[in-house]
Amino acid sequence: MCGIVGYTGKEQAAPILLDGLDKLEYRGYDSAGVAVYDGEKIQWMKARGRLKILREMTHDGQILPGTCGIGHTRWATHGIPSNENAHPHFNETGTIAVVHNGIIENFQKLRNRLAEKGYTFASDTDTEVVAHLLDYYYKDEKDPLRAILRTMNRVEGSYALGIIFQDHPGQLYAVRKDSPLITGKAADGNLIASDVPAILKYTRDVYFIQNEEIVCMDADSLRFYNVDGEQIEKESVTIQWDVTAAEKAGYEHFMLKEIYEQPRAVIDTLNPRIRDGKIEIEELGMTDEEIRALRKIYIVACGSAYHTGVVAKYVFEELARIPTETDLASEFRYRNPILDEGTLVIVVSQSGETADTLAALREAKKQGIRVLGIVNVVGSSIAREADDVMYTWAGPEIAVATTKAYSTQLIAEYLLAIRFAQARGTVSEAEVDEMLAELRRLPEHIELLLGNKERIQRFANRYIAARDVFFIGRGIDYAISLEGSLKLKEVSYIHSEAYAAGELKHGTISLIEDGTLVAAVLTQEDLYKKMISNMVEVKTRGAFLLAVTNVGNTEVEKTADYVIYIPETHKYFTASLAVIPLQLFAYYVAIGKGCDVDKPRNLAKSVTVE
Ligand code: AGP
């Protein structure tokens with residue numbers, strides 16, 4: 001996600017802004033910029049790339065005089081990383097500057113309306129729409145607060161905004177909806193930021209801005225307003241964290257922070273693609289006719305991204321009735337795949353830089369096959385080389401073990417499967433409505449499961465000395481088992497295997513000994529009975545049985561030694577829920593063993609080599 005900072009006070013603003021942006025670097029970004037009011041007008045500089053480029057351009061802020069300004073580090077969502085798309089963004093006269101963290105979900109509609117009113121755009125971003133909307137309402141209201149309130153009424157989505165108006169020197173405005181925003185009172189001025197690390201050097205007295213609250217500040221005062229424009233009182237909080245803890249927003253590790261960011265990441269990936277109850281995947285450059293002409297889908301990826309593909313295979317085939325094959329990119333690229341017309345290759349990658357996945361994309365394109373990328377990093381190699389790209393909006397993922405990116409990849413695949421099924425007429429509109437309603441309920445179900453963490457931590461502590469752990473499932477539950485096993489292996493270094501439950505008796509069951517932990521995933525009701533009998537098989541050989549199953553399936557308690565229930569959801573979406581306790585289990589086993597969960601040995605966040 002992006003980082004925003006702002007300062008107004010007695011000191012020069014630019015060095016403070018750059019310093020604050022430095023402290024937000026951990027959030028990941030691809031460009032940065034600052035805007036400062038110099039006493040006459042707003043001066044600004046912005047650049048693609050690392051913050052040090054901006055520092056060099058501005059001589060550490062020395063050539064941008066002024067005591068009031070805003071700064072930004074951008075994690076691209078709409079518009080590739082570039083100087084033009086870097087923040088701050090402005091109205092056409094350059095008298096209003098805006099920095100933004102979040103996603104404006106209805107930006108295209110607003111952009112079209114503003115264009116009809118004669119507005120022109122200098123970037124491809126959703127944020128620039130806010131700058132012009134503010135301009136439009138400010139011309140009418142001549143008052144920043146009222147212009148902000150009217151803009152808030154039109155904008156849908158998530159935002160933390162920092163805003164300065166040239167006509168109001170020394171004043172800094174900020175507003176929040178869903179994206180984090182704090183303000184702080186320092187000795188020589190007042191500040192805003194996306195996150196605590198950016199201002200800890202200047203103050204530990206922080207105000208956490210709540211949704212739809214507006215802040216107006218100048219060098220000496222800090223005022224808060226509600227969405228009705230009424231002034232409100234707020235209490236400050238004294239931050240006890242050190243900077244390292246603050247970077248993780250108080251979580252002990254990035255992995256846990258990102259596990260907890262999954263509800264937000266799912267919402268950000270889902271909402272912009274469901275408009276007025278209908279699916280709108282604007283980035284899918286395929287007509288219904290082209291979708292109907294599809295005869296085969298390959299989903300190609302590595303690691304956890306591959307595991308989402310195994311889930312998607314079942315969903316695509318059951319929903320859209322399109323033969324779907326999931327392949328490891330490292331295999332696909334060398335097996336001279338037989339790809340003919342009517343084939344779509346979908347490559348899935350969080351980083352968008354995985355060498356094997358990129359090579360698989362190029363192999364498909366060499367054979368003239370259309371490639372759709374599902375990618376989390378805007379402007380990455382896979383995003384640039386795919387024919388179409390559907391971004392997941394998980395925000396930057398710092399921990400090597402993917403969690404929130406995995407969850408958003410599933411969301412993208414579910415949406416594609418429903419969209420394909422719609423085009424091919426293999427689902428009714430009533431079924432689509434039901435599935436979309438269930439997708440919208442996933443974030444709250446994930447929140448509920450996250451509330452389980454202490455219980456899972458206690459269970460995990462029993463297995464920090466485990467040598468072998470097995471995960472078994474059938475169908476989508478097999479795909480979930482693959483991810484649960486990889487999570488445990490990569491962060492705790494405990495050997496684990498995921499097995500199609502029906503396959504156990506063909507060899508692996510010989511490895512089951514007294515007390516061996518076997519995690520059975522059973523979320524597919526039509527396979528419950530089969531799974532129970534597989535569970536009995538391992539139990540009679542001494543296994544300790546953990547079951548992850550749907551709430552209400554209490555029958556499983558006759559066989560399982562420990563049960564984790566997941567909320568009821570559509571059978572195709574259970575992976576999004578069953579994976580949560582498995583992520584937490586892996587995390588707590590790993591920290592129980594004292595492993596470096598964020599940077600596990602031998603692993604890299606993006607495998608850019610073969
Ligand atoms: C997942 O926890 C691992 N870090 C790894 O398997 C990862 O999913 C794989 O390397 C693919 O990475 P990508 O999504 O960036 O292509």
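What are the residues in segment 293-317 that are outside any helix (DSSP H, G or I) and within 13 Å of the ligand (Cβ to nearest atom), if any?
I299, V300, A301, C302
Report yes if some residue within segment 410-420 is surrounded by fewer than 18 Cβ atoms within 10 Å (Cβ to Cβ), away from the ligand (no atom under 16 Å from the Cβ) and either assigned to a helix (DSSP H, G or I) or of a type in the set (D, E) (or both); otherwise report no.
Checking segment 410-420: not a single residue is surrounded by fewer than 18 Cβ atoms within 10 Å (Cβ to Cβ), away from the ligand (no atom under 16 Å from the Cβ) and either assigned to a helix (DSSP H, G or I) or of a type in the set (D, E) (or both).
Could you list, in sequence order, all residues of segment 568-596 that are assigned to a loop (DSSP other than H, G, I, E, B) and either within 12 Å of the ligand (Cβ to nearest atom) or within 16 Å of S407 (Cα to Cα) (or both)?
Passing the criteria: T569, H570, T574.
Among (1) touching a Ser or Thr at 6+ places or on another chain (Cβ under 8 Å); (2) part of a helix (DSSP H, G or I); (3) more than 13 Å from the ligand (Cβ to nearest atom), which single condition is W393 missing?
Single failed check for W393: (2).
Quick one: would you say K185 is among the basic types (K, R), closer than 20 Å to N101 by Cβ, touching a strand residue (DSSP E or B) at 6+ places or on another chain (Cβ under 8 Å) and buried (at least 16 other Cβ atoms within 10 Å of the Cβ)?
Criteria not met by K185.
Which one is nearest to R264 (Cα to Cα), of the residues in segment 426-437 that are in contact (Cβ under 8 Å) with a residue 12 or more places away in the chain and not in a helix (DSSP H, G or I)?
Step by step, filter segment 426-437, then rank; the result is V427.
Which ones in segment 318-333 are hydroxyl-bearing (S, T, Y), within 16 Å of the ligand (Cβ to nearest atom) and not in a helix (DSSP H, G or I)?
T326
Would you mind stating whether A76 is within 20 Å of D178 (Cα to Cα), assigned to a loop (DSSP other than H, G, I, E, B), in contact (Cβ under 8 Å) with a residue 24 or more places away in the chain and of a type in the set (A, V, I, L, M)?
yes
Run L145 past the list (1) more than 30 Å from T392 (Cα to Cα); (2) touching a helix residue (DSSP H, G or I) at 6+ places or on another chain (Cβ under 9 Å); (3) hydrophobic (A, V, I, L, M, F, W, C) and report the number of the one that doesn't hold.
Here L145 clears every test but (2).
Looking only at segment 367-390, count every residue that is part of a loop (DSSP other than H, G, I, E, B), within 14 Å of the ligand (Cβ to nearest atom) and acidic (D, E) and tell me the total.
Selection size over segment 367-390: 0.
Just to check your reading of the model, which residue among A364, A360, A399, A355 is farther than 23 Å from D124 by Cα, at pLDDT 95 or above, within 11 Å of the ligand (Cβ to nearest atom) and not acidic (D, E)?
Exactly one of A364, A360, A399, A355 is farther than 23 Å from D124 by Cα, at pLDDT 95 or above, within 11 Å of the ligand (Cβ to nearest atom) and not acidic (D, E), namely A360.
Is there any pair linking a residue in segment 597-610 that is assigned to a loop (DSSP other than H, G, I, E, B) to one that is among the polar types (S, T, N, Q) and within 11 Å of the ligand (Cβ to nearest atom), with Cβ under 6 Å and at least six apart or on different chains, and which?
Listed by first residue and then by second, the contacts come to S606/S351; V607/T354.
Consider segment 513-524. How many of its residues are in contact (Cβ under 8 Å) with a residue 40 or more places away in the chain and in contact with a strand residue (DSSP E or B) (Cβ under 7 Å, 6 or more places away or on another chain)?
Looking only at that region, the number is 8.
Which of the residues spanning segment 359-370 are surrounded by fewer than 23 Cβ atoms within 10 Å (Cβ to Cβ) and either at negative phi or in contact with a helix residue (DSSP H, G or I) (Cβ under 6 Å, 6 or more places away or on another chain) (or both)?
A359, R362, E363, K365, K366, Q367, I369, R370
Which pairs turn up if I take residues in segment 345-357 that are in contact (Cβ under 8 Å) with a residue 24 or more places away in the chain and farther than 17 Å from K404 by Cβ and look for partners that are more than 7 Å from the ligand (Cβ to nearest atom) and among the polar types (S, T, N, Q) with beta carbon separation below 6 Å, at least 6 apart in sequence or on another chain?
Close Cβ pairs (under 6 Å, with a partner that is more than 7 Å from the ligand (Cβ to nearest atom) and among the polar types (S, T, N, Q)) amount to E353/S380; E353/S381; E353/T608; A355/T608; D356/S330.
If you take the residues in segment 372-409 that are among the acidic types (D, E), farther than 14 Å from A305 by Cα and touching a residue at least 40 places away in the same chain (Cβ under 8 Å), which one is surrounded by the fewest Cβ atoms within 10 Å (Cβ to Cβ)?
For segment 372-409, the residue satisfying everything is D387.
So which residues in segment 334-350 are under 28 Å from the mean Cα position of the chain (by Cα), part of a loop (DSSP other than H, G, I, E, B) and not polar (S, T, N, Q)?
none
The values are calculated or read from the model by the stated rules, or taken from the named source; none is laboratory data. In this text the structure is predicted, and so the values were computed from the model without any measurement. FYI the Cβ positions are ideal-geometry reconstructions off the backbone, even for glycines, and counts take in every protein chain you see.
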